[in-house]
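For reference, the structure is listed below as structure tokens.
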Amino acid sequence: MKKAGKKTKEETNAAEYLVGIGSSAGGLEALQALLKNIKGDTSSIAFVIAQHVSPTYKSQLVELLSRQTEMPTSDAVDGVIPLGGNIYITPPDRDIAFADKTFLLTKPHSGHGPRPSVDHFFTSLAASFGPKSIGIVLSGTGSDGAQGVQAIKQAGGVVIVQDPETAKYNGMPASAIETRMADVIADPEKIGVKLVEWCHIGSAGMKGITHKTDDLPDGDALAQIMHLLSEHTGTDFSRYKPATIGRRLQKRLAMLGLESIEEYLEICHSKPDEIEALFTTILIGVTYFFRDEESFEALREQLSKRLSPGQEKVRIWIAGCASGEEAYSIAILVADILGDGFRGTDVQIFATDLDENALNRARKGQYPEASLDNVPDRLKEKFFIARKNSYEIVPAIRSMVLFSRHDVTNNPPFLKLDLISCRNLLIYFGQELQQHVLPLFHYALKPDGLLFLGKSETIGAFSDLFETQVNAHKIYARKGGGNPYAGRLMSFRPNVPSLGVRRQRTSQEYSLGDMVKDTLYHGFDHPYVVVNSSMEVLEVFGDTSGLLSIRPGVMNGNLVSLIDPRFELELRSLLTQAVKGNSATSGNLHRITDDGEYLRFSIKPVLYSGTKDALYIVIFERLQLEGALVTSSEGSETAATIREKELEAELRSTREHLQNYIEELETSTEELQSLNEELQSTNEEMQSSNEELETSNEELQSTNEELQIAYTELRTITDEMERSQERLEASEANLKAVLNNTLQAFVLLDRGYKIVIRNEIAKAFLEGISGQKMDEERLVIDYLPSEVIEPFHAAFARCLAGQPSGEERSIEHADGVVHWYQIQFNPVFGEDEMVQGVSFAMLDITDRKMIEIALDNQKQFNQLILNSAQIGICLTDIQGNIVQVNDGYCKLFGYNENELLGRPFTMLLPSGMREYAARLHTRFLAGETEESAGEWEVLRKDGATLYVMTSAGRLQRQDGSLYKVTTVIDITAQKQAEEERNRLFNVSLDLMCIMRYDGFFQHLNPSWINTMGYSYDRLSSQSLVEFVHPDDRKVTLDFLQSLIEKPDAPTTFENRCITADGSERWLSWNMVVVAPQRLIYAVARDVTDARRYETLLRDTQQVAKVGGWELDLGTNNTSWTDEVYRIY
């Protein structure tokens, strides 16, 4: 027992850091390169390798990898503490994990999928070693390890991935990189060189480096990096907090071992993937379910006030959803609040983020177990499906959430929302971005809608837009009324990154065409507006006061909402045509004044604006056409007639526009319905196909990995064949040592019986048999006794013909002791497939043979006992077939043994009892019931009926098979005697009974019921004394006690008993005790009338003065009347 406060040697040398390495196909080369290049002090670091291997393949990884490093390399052992400076290999067909920082090796739960599971390994590694865990993903097919690196990252550990370009199979590295959790992507050689340094830096070390400066110094290199980043992602990072960008850049520089921002810029130019890595570093995606449990409980309370079962629609926006944990958490929260009726509510949750890879992971809905630590068990059981090493969101919750790429600073918001969750996103925005985003959220929310922010975030100066609900957990509600910052939403534009200052063109650079264009532009008289494809007004030129106006209510920048209502329908139709065809269009003339001024709308696409964010110019053409519509030939028409024609033309135009609009709506509706049906059908087919493909892919992946590993190891073994040849002589010597260390004699003979090679046991056997010393020149038959030579010749000849043979034989040794040998002859074939010799083996089995003979004798003795028994004994198997019987059983039923063996025992029962007996047999052997001794009616072979008493027991043999042992005793004569006794009982007028020593009746005849008037049950349930007259009870008990103490002689006495009607009856008893059975056989006669007659006679004699006497012949006692005494 170790003393308290002192550590064992293993605990003292226990690893502080643990590097977990996951690999599959092609992983051997990567592992060798990595281990070969490890530099530095590894005394505090343990390395554990989880390499996919076949469960039945004998891996040689320990031997192969130990040649690449001086660190001790061995298989991991269950329950052992990993020591620093050691390398451990996961054994085949085992999953590896940790329990209290000791190895935990378990059998894989599933027969499919990669083994060992890297995801399971990494998840346990993160839970046990936290920030001191390092996960490395090397070459391999499939995606094993992708979920595990997320767990390591959430625990604060370091994730390192092999560069897919250097991996023989890039499936596992690519899947790990897609999670955006990789701190380093490099080739195995570089990982080995820098690994020790990266272990000690870790996530905490990153903070130690970055705390030296909050951000990087401004300069051209930084500006270029920001330009490359914004250009690559389409996101403007210029308004993010400089300190945030600086810390992320410092982390990248530290992980790459760079000293200056200029060096990093060169890497960004030479390796475009580095920009993506920087983008991943900036977008920290570490999250988990129900992060900040108290905040979610506060949100539940607020949502419960606003949501109710049966609600028609719920709309929620999760901005910055990362890999989806928060989006699914809120979906689960809403479903839990709505209860079982949530499927009847149209719940729409829009989850958006900039990171497309994170969104792809979110759409899969699969998460490592570590992400679910804060999920209550009841929610986990209801809304998650347990998979191997992970959990999957149930389809009902996944269908509620729509994941989409969206830039909250640039793209339009979702509208009419009940809740916006934007947690831990605003902390990365600069002041300008925050002042844009918060009014945007107000605009998107419904009245009284909720805004859910992170603990370090606040609404700032926008208290006029939001009302605080729970300040501690940053939950706010939208205030009613308009948004005074609506104009800012329309004017906000992301910065366009630029690397230089645009040069001003001089007048000398203008061409004639340019000068004409500028002249037309500056001389253009008509007012116009510029709109986007959503008809939102972006810019206004000229005087539009008579045409555009702001209506009361919430600010709306849509052109159709701002135009004079008279022109709303036509303008909408013209804009729809222009956007749909991306072409110019114009409308009809409209009189707008009485002095002949007309208006016409003309719409043209803005050149070079592109198709994604196309812009359009809407021109309001004001035309003076006074007198132009009325010719001199039509002067007779009045102004009213002209006005009517104008109105009719306008009405026709309006109807045409309306009809076109209706047709477009109907067509769009039909197309959407058809598209929706097709999408639903396609989605179902794709889901079914995806499940089949996933299953097939897992099986193919597992098979391919096993083949690749086997191929790699075989190739390595082939390379060593030449070196193995040099060790052949030593192996032969070892073989001889093994042959000499066995209990079996081996002799190799040529075709002429000459001994070619033999072991020492063979020499001892042959010398013991012959009594002669071994001479290598003599033949083997010279050492055999004469009675063995002939069968030896025959077996040798068969072996030379290619037929192996063997036998067991007793051979008398020279000292007169008989030994038993197991002898085996096997042919030895040459390259020409001809028999060149014979392998002759002998094993001394004397002890085993003696045991077999003793067992056979015991078996015969047991059978003799069975056959001599006077009762029948039968052994039946679990199917009810007879396996063994003794002679007594055969005599009882009149069959011979062969007629019974293999037949069902129910053949000996009447047909009506066979099915019942078979059920009892099955239940008895299954242990469901115990079979007590019982009476059965059976049939002999001659058809005669017998009554037997049976008892049974269970027998379980070493192979696990169950049998029933049944003993049978013929009780036919006993049954007949009982029937005779019962007939006597039933016809006797006397009261006959059998009593136990305690006075309770065991059997009664009908005379008891007739005489006493009680039922049979009443009489059987009470002691005799209960029916005796109270005055006679003591004498009765004394009589019974004396009778039991002296049972030899029959005894009589009389007492009174109380009948059912309350009257008294005198009974005269005659009893006999059967001591072995503790029973009393009794006959009682009702002497009530006799005693009454006797009393009457005595009274008569008294009156007549006549003397008399009575002689009792049974007792020889004489009684006298009083008159006789008086006379004499």
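The values are calculated or read from the model by the stated rules, or taken from the named source; none is laboratory data. All values derive from a computational prediction rather than experimental measurement. Note that each Cβ is placed from the backbone with ideal geometry, even for glycine, and that neighbours are counted across all protein chains shown.
Contact annotation: no residue pair with Cβ atoms under 6 Å, 6 or more positions apart or on different chains, pairs a residue in the stretch 194-208 that is within 14 Å of ARG247 (Cβ to Cβ) and of a type in the set (Gly, Ala, Ser) with a partner that is surrounded by 19 or more Cβ atoms within 10 Å (Cβ to Cβ) and modelled with pLDDT under 85. Within the stretch 887-941, if we keep just the residues that are in contact with a Gly (Cβ under 9 Å, 6 or more places away or on another chain) and β-branched (Val, Ile, Thr), the residue that is farthest from TYR963 (Cα to Cα) turns out to be THR906. Is it the case that PHE452 is crowded, with 21+ Cβ neighbours inside 10 Å, within 38 Å of the chain's Cα centre (by Cα) and either at pLDDT 85 or above or among the hydrophobic types (A, V, I, L, M, F, W, C) (or both)? Taking the combined requirement at face value, the residue satisfies it. Scanning the stretch 886-907 for residues that are within 52 Å of the chain's Cα centre (by Cα) and either of a type in the set (A, V, I, L, M) or not assigned by TED's automatic domain parsing to the domain that holds VAL965 (or both) turns up LEU901, MET907.
Scanning the stretch 156-167 for residues that are under 23 Å from ALA362 (Cβ atoms), touching a strand residue (DSSP E or B) at 6+ places or on another chain (Cβ under 6 Å) and surrounded by fewer than 24 Cβ atoms within 10 Å (Cβ to Cβ) gives no hits.
In the stretch 768-809, the qualifying residues are those that are β-branched (Val, Ile, Thr) and surrounded by 13 or more Cβ atoms within 10 Å (Cβ to Cβ), and the one that is farthest from ASN826 (Cα to Cα) is ILE769. For beta carbons closer than 9 Å, sequence separation of 6+ or different chains, a first residue in the stretch 415-434 that is among the acidic types (Asp, Glu) and a second that is not in a strand (DSSP E or B), the qualifying pairs are ASP418/LEU303; ASP418/ARG306; ASP418/LEU307; GLU432/ARG239; GLU432/PHE492.
How many residues does the stretch 62-95 contain that are assigned to a helix (DSSP H, G or I), without any contact (Cβ under 8 Å) to a residue 60 or more places away in the chain and of a type in the set (A, V, I, L, M)? Outline the logic, then answer.
Restricting attention to the stretch 62-95, the residues satisfying the condition of being assigned to a helix (DSSP H, G or I) are 62-66.
If we keep only those that are without any contact (Cβ under 8 Å) to a residue 60 or more places away in the chain as well, we get 62-63, 65-66.
If we keep only those that are of a type in the set (A, V, I, L, M) as well, we get 62, 65.
Residues flagged as assigned to a helix (DSSP H, G or I), without any contact (Cβ under 8 Å) to a residue 60 or more places away in the chain and of a type in the set (A, V, I, L, M) within the stretch 62-95 amount to 2.
Evaluated against (1) modelled with pLDDT of 85 or more; (2) part of a helix (DSSP H, G or I); (3) over 19 Å from ARG405 (Cβ atoms); (4) not aromatic (Phe, Trp, Tyr), ASP340 falls short on exactly one condition, (1).
Given the condition part of a loop (DSSP other than H, G, I, E, B) and either at pLDDT below 80 or not basic (Lys, Arg) (or both), answer yes or no: does some residue in the stretch 567-581 qualify?
So the first thing to find is which residues in the stretch 567-581 are part of a loop (DSSP other than H, G, I, E, B), and the list is none.
Scanning the stretch 567-581, I find no residue that is part of a loop (DSSP other than H, G, I, E, B) and either at pLDDT below 80 or not basic (Lys, Arg) (or both), so the answer is no.
Return yes or no: is VAL606 surrounded by 13 or more Cβ atoms within 10 Å (Cβ to Cβ) and either at pLDDT 70 or above or not hydrophobic (A, V, I, L, M, F, W, C) (or both)? When the stated conditions are applied, VAL606 passes them.
At pLDDT below 70 and in the same structural domain as HIS813 (by TED's automatic domain parsing), is that true of ASN741? Criteria met by ASN741. Residue pairs whose Cβ atoms lie under 8 Å apart, separated by 6 or more positions or on different chains, with the first residue in the stretch 370-381 and touching a residue at least 24 places away in the same chain (Cβ under 8 Å) and the second of a type in the set (Asp, Glu), are SER371/GLU325; ASN374/GLU293; LEU379/ASP336. Scan the stretch 978-1001 for residues that are touching a Ser or Thr at 6+ places or on another chain (Cβ under 9 Å) and hydroxyl-bearing (Ser, Thr, Tyr) and the total you get is 1. Taking the stretch 907-945 as the range and being assigned to a strand (DSSP E or B) and among the β-branched types (Val, Ile, Thr) as the test, the residues that pass are VAL938, THR945. Taken together, ASP998, ASP1031 contain a single residue that is within 19 Å of ASP1061 (Cα to Cα) and loosely packed, with under 15 Cβ neighbours inside 10 Å, which is ASP1031.
Taken together, SER304, SER323 contain a single residue that is part of a helix (DSSP H, G or I) and assigned by TED's automatic domain parsing to the domain that holds GLY454, which is SER304.
Looking at the stretch 810-825, which of its residues are surrounded by fewer than 16 Cβ atoms within 10 Å (Cβ to Cβ) and either at pLDDT below 85 or outside any loop (DSSP other than H, G, I, E, B) (or both)?
The initial filter retains those residues of the stretch 810-825 that are surrounded by fewer than 16 Cβ atoms within 10 Å (Cβ to Cβ), namely 810, 812-818.
Across the stretch 810-825, the qualifying residues are SER810, GLU812, VAL818.
For the stretch 170-183, give me each residue that is crowded, with 21+ Cβ neighbours inside 10 Å and at pLDDT below 90. Correct list: GLY171, SER175, ALA176, ILE177, THR179, ARG180, MET181, ALA182, ASP183.
Residues in the stretch 290-307: is at least one of a type in the set (Lys, Arg), more than 34 Å from the chain's Cα centre (by Cα), surrounded by fewer than 14 Cβ atoms within 10 Å (Cβ to Cβ) and modelled with pLDDT of 85 or more? Checking the stretch 290-307: at least one residue is of a type in the set (Lys, Arg), more than 34 Å from the chain's Cα centre (by Cα), surrounded by fewer than 14 Cβ atoms within 10 Å (Cβ to Cβ) and modelled with pLDDT of 85 or more.
Return yes when LYS964 is surrounded by 14 or more Cβ atoms within 10 Å (Cβ to Cβ) and farther than 30 Å from MET1071 by Cβ and no when it is not. Taking the combined requirement at face value, the residue satisfies it.
Of all the criteria given as (1) under 27 Å from GLN147 (Cβ atoms); (2) of a type outside the set (S, T, N, Q); (3) free of Cβ contacts under 8 Å to residues at least 12 places away in the same chain, the one not satisfied by ASP292 is (3).
Among strands (runs of 3 or more DSSP E) lying entirely in the stretch 376-437, which contain 3 or more residues that are modelled with pLDDT of 90 or more and buried (at least 21 other Cβ atoms within 10 Å of the Cβ)? First the steps, then the outcome.
Numbers: elements: 384-387, 390-393, 401-405, 417-422.
Passing ranges, in order: 417-422.
Does SER143 qualify as being hydroxyl-bearing (Ser, Thr, Tyr), surrounded by 18 or more Cβ atoms within 10 Å (Cβ to Cβ), at pLDDT below 90 and not assigned by TED's automatic domain parsing to the domain that holds GLY365?
On the way: hydroxyl-bearing (Ser, Thr, Tyr): yes; surrounded by 18 or more Cβ atoms within 10 Å (Cβ to Cβ): yes; at pLDDT below 90: yes; not assigned by TED's automatic domain parsing to the domain that holds GLY365: yes.
Criteria met by SER143.
Per the listing PRO108, PRO114, the residue uniquely surrounded by 22 or more Cβ atoms within 10 Å (Cβ to Cβ), touching an Asp or Glu at 6+ places or on another chain (Cβ under 8 Å) and at pLDDT below 90 is PRO114. Within the stretch 1069-1089, the only residue that satisfies the criterion of being of a type in the set (D, E, K, R), in contact with a Lys or Arg (Cβ under 8 Å, 6 or more places away or on another chain) and assigned to a strand (DSSP E or B) is ASP1086.
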